[in-house]
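Note sheet for the following structure.
The values are calculated or read from the model by the stated rules, or taken from the named source; none is laboratory data. Worth saying up front: this structure is predicted, and the values here are computed from it rather than measured. Every residue, glycine as well, gets a Cβ built from its backbone with ideal geometry; the counts of neighbours run over all protein chains shown. Note: accessible area is taken over every heavy atom of the protein model, side chains too, but ligands, DNA and RNA are not part of it. Shrake-Rupley method; radii C 1.70, N 1.55, O 1.52, S 1.80 Å.
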Amino acid sequence: MATPLAGSLSRPGSRRSVTSVIVERIAQYALLVAALVITATPFVWMCLSAFKPDSDLQFYPPNWVPTEWTTLNLETAWSAANFARFFVNSTFVASVGTCFYVATTMAAGYAFARLDFPWKNGLFAFVMLLLMIPWPVTIVPAYLVVVRFPLFGGNDLVGQGGAGMLDSYWALILPVATGSFGIFLFRQFFRTLPPELEDAARIDGASEPAILWHVMMPLSGAAIATVGILHFQHVWNSFLWPYLVTNNSDLFVLQVGLRMLTSQYNPRPFIQMAGTLIATVPVVLVFFVGQRWFVRGIQLTGFK
Amino acid sequence: LPPDERGLAGTWPSGGTLTDQAPARAAIVAPRMRRRWWRRPQAYYGLLFVSPALLLLLVFSALPAVGGLVLSLTYYDLGTAPRWAGLENYREVFADGLFWRSVVNTLYYTAATLVPGLVLGLLLAQLATRRLRGVVFFRTAFYLPGLTSTVAMAVVWLYLFAPLGLVNGLLYPLGLPRIHWFADPNWAMPAIILNSLWRGIGSTMLIYIAGISGIPQSFYESAWIDGASRWQTFRYITLPMLRPTTFLLFILHLLGSFQVFEQVFILTSGGPAWATTTIVHQIYINAFLKSQFGYAGAQAVLLLVVLAVLSFVSFRMVPTEVEGK
């Protein structure tokens, strides 16, 4: 029966010799380490380069470890290139956007899952239809909506005369304040909860908002974390939309600032790597804090 | 009062007839058989709960989606009022050599990322589901590239693939010539493709891991009893059982790679000599650099049609035997 290669480690391996198990294990670790080297090298390279002095540019092939460790690149990126401001903007936009996103999608998801209201199926079909429209199709007209938004930025009632929401936090936050995807996820989640919970609360005279707040929300920790972390990461990493709607560098988010940094400090890769490091660390931290929910979200949905 | 206003101006909530329910429920359980929706708390709270989300979706998704279609039938440069163009934009797109160039580039990118991405992701998932010490650490590490932003990693890529960067530095001892990755029309796209493969592999792996853990262990056990080799169990159990997962990933990657933009924007801006311009990059250029919003709108609508057709065809190609299992 057993060829030397046969059987995974979980398999009853009575017929396999100890050596073949050891060889197999070594081979598996070798493959894992090889894959690790490939996935990790760009990160390691980024981190090491962020601490190199400019004099290290002379080496070719380039050196791995800085000849002298310096935080000068980080300081330059942080203050001279105004990354402190970009950092605050990114944090603000991603946090506020995520709070709104979770609140609006949870309320809508709950209503679609549990409440009986007019036009429910039609409205849900509408939400799902929007989920299927790819972003390049809507981004150009969405930009025009923002520019021509009535009564914003000097616009009149029909949206003429001013710059609309351009160069304001509104343009950064409102378009990411809700989404079909979160509504869908929350709806799926609430459908798994037993309906007796709310029926009991309803008979006790609780209003619908009270049911949502006091009964449903405490049960939704995992769903809130999943949706929240996925959306925070999405907003934090998004580039094109903030790039389009902000011209004033006081409103730049990190990704846009990073783009500016790469052109501003074009021949100075170490400063670019320092900026990249600053833009990358927070989302990695959020990931490690919420890893459990994050992985579940990916696997649940097939999206990231 | 007209019938529609009678209910709103009526006696709710205090005037509801008391039933055998608690007084607070009087308004809910109205005596009439068919209650108007505004008399049912579920109905108006339901509408209340969905309205913030739906209003935002209406303004920032639905209006742009419909607007894009209308826009594509006009000439519009944001400065002057839109002029009706009919199908003229579409005619021009079909005659636009640069657009066809971007289609070819997008197909090249898709062909080179789609299947290799799936195969590598499956291989990693196979490795990362072995019962080995520390395998969770490896899993996390494999996922990290997908977590970071496209822009940040593109900036790292610019430096990695710079003429005097690490990649050329690693090729140097092998005696290979120095490649000017982003300045050479033949090498710019491969550098972009490597970036996308590197970034996408982690999430592919995670989804495959979810698929693999859904396969009943008993399938493998009976195969072992029958003396199947590891290759045979992979070929005749794992692969067929993962077909729905593979299909999902295939569609997601296909749709995703037709929309590739940010890597191109940061790494090459479509160059050199338009060797890396993609469909979405053309949409970006026409809208935001040339202010030809109608023309960009037409390209976007064509992209939507292509994506819809691709999804439709893919769903038709789903092997039906998958459903049976």
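Only a single item in (1) farther than 30 Å from B:I212 by Cβ; (2) open to solvent by 60 Å² or more (accessible area, probe 1.4 Å); (3) of a type outside the set (V, I, T); (4) facing another protein chain (nearest Cβ under 10 Å) is not met by B:A300, and it is number (2). Against the condition modelled with pLDDT of 90 or more and in contact with a Lys or Arg (Cβ under 9 Å, 6 or more places away or on another chain), how does B:Q259 come out, does it pass? Considered against the rule, which asks whether it is modelled with pLDDT of 90 or more and in contact with a Lys or Arg (Cβ under 9 Å, 6 or more places away or on another chain), B:Q259 comes out as no.
Only one entry in A:F184, A:F149 is closer than 22 Å to B:S291 by Cα and open to solvent by 20 Å² or more (accessible area, probe 1.4 Å), namely A:F149. For segment A:94-102, the criterion of a residue being on the phi < 0 side of the Ramachandran plot, surrounded by 15 or more Cβ atoms within 10 Å (Cβ to Cβ), at the interface with chain B (Cβ under 9 Å from one of its Cβ atoms) and more than 25 Å from the chain's Cα centre (by Cα) is satisfied by no position. Checked against (1) under 30 Å from B:L78 (Cβ atoms); (2) facing chain B (nearest Cβ under 8 Å); (3) open to solvent by less than 30 Å² (accessible area, probe 1.4 Å), A:F86 passes all but a single condition, namely (2).
Evaluating A:L129 against the criteria (1) among the aliphatic types (A, V, I, L, M); (2) more than 11 Å from every other protein chain (Cβ to nearest Cβ); (3) surrounded by fewer than 21 Cβ atoms within 10 Å (Cβ to Cβ) leaves one unmet condition, (2). Tally up the residues in segment B:286-297 that are more than 7 Å from every other protein chain (Cβ to nearest Cβ) and crowded, with 19+ Cβ neighbours inside 10 Å, please. Within segment B:286-297, residues that are more than 7 Å from every other protein chain (Cβ to nearest Cβ) and crowded, with 19+ Cβ neighbours inside 10 Å number 4.
Condition first: touching a residue at least 60 places away in the same chain (Cβ under 8 Å), in a helix (DSSP H, G or I) and within 19 Å of A:G97 (Cβ to Cβ). Can you find one or more residues in segment A:186-205 that meet it? Checked segment A:186-205: at least one residue is touching a residue at least 60 places away in the same chain (Cβ under 8 Å), in a helix (DSSP H, G or I) and within 19 Å of A:G97 (Cβ to Cβ).
Highlighted here are the helices (runs of 4 or more DSSP H) found entirely within segment B:79-147 that include at least 3 residues which are under 25 Å from the mean Cα position of the chain (by Cα) and at pLDDT 95 or above: B:97-128. So, in segment B:158-209, exactly how many residues are in contact with a Leu (Cβ under 8 Å, 6 or more places away or on another chain), more than 23 Å from A:A274 (Cα to Cα) and either in a helix (DSSP H, G or I) or at pLDDT 90 or above (or both)? Total satisfying the criteria: 8.
Of all residue pairs spaced 6 or more apart or on separate chains, those with beta-carbon atoms under 6 Å, a first member in segment A:78-104 that is under 20 Å from B:A152 (Cβ atoms) and a second member that is open to solvent by 60 Å² or more (accessible area, probe 1.4 Å) are A:A84/A:W78. Within the bounds of segment A:181-193, is there any residue that is of a type outside the set (K, R) and either more than 30 Å from A:I229 (Cα to Cα) or in contact with a strand residue (DSSP E or B) (Cβ under 9 Å, 6 or more places away or on another chain) (or both)? No, because not a single residue in segment A:181-193 is of a type outside the set (K, R) and either more than 30 Å from A:I229 (Cα to Cα) or in contact with a strand residue (DSSP E or B) (Cβ under 9 Å, 6 or more places away or on another chain) (or both).
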